[in-house]
1. Only bridges whose two residues both fall in the chain count here: according to DSSP, what percent of them are antiparallel, nearest 5?
2. Across 10 Å bins from 0, what is the distribution of all Cα-Cα pair distances for the stretch 153-238, in whole percents?
3. Under 5 Å between amide H atoms, partner at least 5 residues away or on a different chain: which partners does LEU181 have, H built in plane at 1.01 Å?
4. Could you give me the ³J(HN,Hα) list for the stretch 241-258, computed from phi with Karplus coefficients 6.51, -1.76, 1.60 and θ = phi - 60°, whole Hz, x at Gly and Pro?
5. Work through the residues other than PRO157 whose Cβ is under 11 Å from its Cβ and net out their charges, Lys, Arg +1 and Asp, Glu -1.
6. In a shell of Cβ-Cβ distance under 12 Å around PHE143, excluding PHE143 itself, what net charge do Lys and Arg (+1) and Asp and Glu (-1) give?
7. Give a residue-ordered list of calculated ³J(HN,Hα) values for the stretch 354-371 (Karplus: 6.51 cos²θ - 1.76 cosθ + 1.60, θ = phi - 60°; whole Hz; x for Gly, Pro).
8. Could you tell me the relative contact order of the chain? Use alpha-carbon pairs under 8 Å, at least six residues apart, and round to a whole percent.
Amino acid sequence: MALSGIQIYKMLPQTNCKDCGYPTCLAFAMKLAAKQVELDLCPHVSEESKAQLAESATPPQRLITLKANGNEVKAGNEVVLFRHEKTYYNMPGLFVRIKDDLLADAIKEKVAAADTYSTNYVGIDLVLDGFAVEAVSGSSASFSAAVAAVRAASKKPVILIAQDAGVMAEGLKVLDGEAPLIFGAGAENWEAMADLATQYKAPLTVTGNTLDELADLVEKVKGKGIEDIVLAPATRSLHGELTTRVLIWRLAIKKNFRSLGYPVISVAGDAGDPAKEMVSAAQAISKYAGFVVIDSFAPDFVYPLIVLRQNIYTDPQKPIQVQPGLYEINNPKPTDPVLVTTNFSITYFSVANEIEGSGLPAWLLVADAEGMSVLTAWAAGKFDAERIAKSVKAFDVASKATNRTIVLPGHVAVLSGELEEELPDWNVRVGPREAVDIPAFMKQAMT
Ligand code: SF4
């Protein structure tokens, strides 16, 4: 049961010594109750209180880590219902499913293509996380051969899907020393699967038709000493899956219901055709899946999913930034102009893409505005004439752009006079307010 801030306060020393970095014990207690700080920050808590607070200080959703060859995929450890309340920590792992009735060469080909898939989105390289190998042939030999073929083509973490513990064991032998996810404990086979999870120190999925069944089986599995659990609700409709994941998340985060305090896996590939699969995967990413298994692999299928995932799981407290500096676009010469913008990633890419699309060469000076967009940075005092002039000097822009024409974003036209004072040898121009108007501006005003 989660403790309130006042309940936690009563267990703290109440000396207000500030050693934890907070002005009062009550302020620290409130942060603890919101699970925004660790109890270790207070060095004066008694052992008795520590034991009582440990439960409250534990994240309501267990962190599960799949490992292979130095690669890790983490899920869980979340503490809020909605990202804007704080942040989400671990984006859902995206796994491509391989069925063991495929020939080894076909498996290797599919795995190699997905393994090397990478796309750059606002300066971040986005990739898939691993592979799920499913036993559909019923043959242990086919399953272990399929796992071996996957491992030969990729070093990424693996999920093993099998209902038969004997078949599962053969797959696990191939991945000995790793921590794959064992997908397959249900009401009938959970003891054998739990034994395998113990033997291979691997996390285990638990399946149930209802939340009660899930919670009951979780407790049974925990009774065998298994702590690393992933929930695999048996529901197979869009509405049912969404409702189930939302309920699980709410019960874990809001009610601290430990029996469901684990990440959930969603097998979107079971949806049937690629269109339904896309909807199912997008829904799982949007609402509370920790692992998502897809069947379809093609860049146009995967791209919207990993971009959606990136957008949802970006930390709202940390703007995505690009490195400040002087960027060359379309091979600029010393006579070409310098356009200025901030280092907020989306701003940078909007401006850089428009300049690139215009086909005209230019220098793009990216000033350090602490990752804010132009207007926000200007309003916060992080993008002013002094900072822009400092960037011009820091990146030695004058030695590269010798015609000394610098273009301010139209939104900060008000800075032009101050910038002329800061950079008396430069011709300061005011560009358009919107990035989309940059090509026309460059063609009309800069050529
Ligand atoms: S360090 Fe502990 S005793 Fe000191 S103010 Fe913080 S919570 Fe209170």
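Every read-out reported here was derived from the displayed coordinates using simple, explicitly stated rules and does not represent laboratory data. The shown structure was predicted, so the numbers you read here are calculated from the model rather than taken from an experiment. Cβ coordinates were reconstructed from backbone atoms using ideal geometry, including for glycine residues, and neighbour counts include every protein chain displayed.
1. On the way: 16 of 54 bridges.
Antiparallel: roughly 30 percent of the beta bridges in the chain.
2. For the stretch 153-238, the pair-distance distribution reads 19, 52, 25, 5.
3. Sorted by chain and number, the residues that satisfy this are VAL158, ILE159, LEU160.
4. 5, 4, 4, 5, 5, 5, 5, 4, 5, 5, 4, 6, 6, 8, 9, 6, 7, 4
5. +2
6. Its environment carries a net charge of -3.
7. Result, rounded to whole Hz: 5, 5, 4, x, 6, x, 9, x, 7, 9, 10, 8, 9, 8, 6, 10, 6, x.
8. 12
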